[in-house]
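Notes follow once the structure below has been shown.
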Amino acid sequence: MPAPPYSCTIVPLGPAAPAHHFQRVAQLHETELQAGFLAKFGVAFLADFYRYVARDSGCILLVALEGDKVIGFVSGTDDIGKFYHRFILRRGLKLAVRLVSYLLSGRSLSPLVSIRRYLTSRNTTHLPVSELTSLAVDPATQRKGVGKALFAALQEHFRSHGIEAFQVTAAKTQLAALHFYPARGAKLVAKTQLGSLESSVFVCPTARAMRQIAGDVPPGLRGSCP
Ligand SMILES: CC(C)(COP(=O)(O)OP(=O)(O)OC[C@H]1O[C@@H](n2cnc3c(N)ncnc32)[C@H](O)[C@@H]1OP(=O)(O)O)[C@@H](O)C(=O)NCCC(=O)NCCS
């Protein structure tokens, strides 16, 4: 029997949104995006990180809300290099404090290696500078169309800002993502490392993918969960 349609709305999260929304985004990041280095810095750091993202004019943070509860989110930036440059200028001290306390707690140097690899792997000129930076859905509501709706809303945001294509990276442990992006029209363009994990870099074309999604999702539901 087909799953019943899942009811939620997709909205942008601005910097003045309630603290519990950023807290929930941070929790989802920490539990669902463990392949990346930011997840290692804890929920408090991540909540502050996403409030920064919500404030940054070159970024977008969209959440799926079920009532007042965040059940998924996606973030993106129009230029990943410029975003990290701004972030390090404005929040570099906080990041350094988190890194030092992480290292002093006797854990591995892997976040440092990951950050270096992540930033140097961006020195490629053939990839779009726009990037889907995070996408996660609450495990209790996965496979119900929430991820597709978030992805479509981010595509629409990029498209409306004149962006034709964006990149996204998925580690080999993120099996759902490795199916999810190609099914949305993304093309595998490179392999890289996320920490110690082999990862795939995809390019997602907004215009073509929008047409593909227009075939999947009734027009009235685009941008909100079916
Ligand atoms: C990837 C993710 C965001 C998808 O969200 P979702 O709400 O479950 O996805 P949807 O229900 O909208 O879309 C389902 C589609 O995704 C793919 N997919 C999702 N989970 C899958 C799985 N476990 N195995 C294979 N394909 C999967 C399929 O293409 C599926 O389409 P189908 O149902 O028609 O077969 C979600 O699985 C998640 O949060 N994963 C953990 C975090 C993560 O890996 N994020 C991506 C980082 S790059």
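Kindly provide the set of residues from the range 35-57 that are in contact (Cβ under 8 Å) with a residue 12 or more places away in the chain, within 19 Å of SER199 (Cα to Cα) and not aromatic (Phe, Trp, Tyr), ordered by number.
Answer for the range 35-57, where residues must be in contact (Cβ under 8 Å) with a residue 12 or more places away in the chain, within 19 Å of SER199 (Cα to Cα) and not aromatic (Phe, Trp, Tyr): ALA35, GLY36, LYS40.
Any chance you could count how many residues in the range 118-144 are within 16 Å of the ligand (Cβ to nearest atom), at pLDDT 60 or above and surrounded by 14 or more Cβ atoms within 10 Å (Cβ to Cβ)?
The qualifying residues number 15.
Look at the range 184-202 and say how many of its residues are more than 14 Å from the ligand (Cβ to nearest atom) and out of contact with any Lys or Arg (no Cβ under 9 Å at 6 or more places or on another chain).
5
So in the range 184-210, with the set limited to residues that are loosely packed, with under 15 Cβ neighbours inside 10 Å and over 19 Å from PHE151 (Cβ atoms), which one is modelled with the lowest pLDDT?
Checked the range 184-210; the qualifying residue modelled with the lowest pLDDT is SER196.
Where residues in the range 163-183 are of a type outside the set (A, V, I, L, M, F, W, C) and crowded, with 19+ Cβ neighbours inside 10 Å, which of them is nearest to the ligand (Cβ to nearest atom)?
Ranking the qualifying residues of the range 163-183, first place goes to GLN174.
This table checks each residue for (1) in contact with a Ser or Thr (Cβ under 6 Å, 6 or more places away or on another chain); (2) within 18 Å of THR133 (Cβ to Cβ); (3) more than 13 Å from the ligand (Cβ to nearest atom).
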site	(1), (2), (3)
LEU28	no, yes, no
ILE60	no, yes, yes
GLY72	no, yes, no
GLY81	no, yes, yes
SER105	no, no, yes
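The values are calculated or read from the model by the stated rules, or taken from the named source; none is laboratory data. Please read these numbers as outputs of a predicted model, since none were measured by experiment. Don't worry about glycine lacking a Cβ; one is built from the backbone with ideal geometry, like all the others, and counts go over all protein chains shown.
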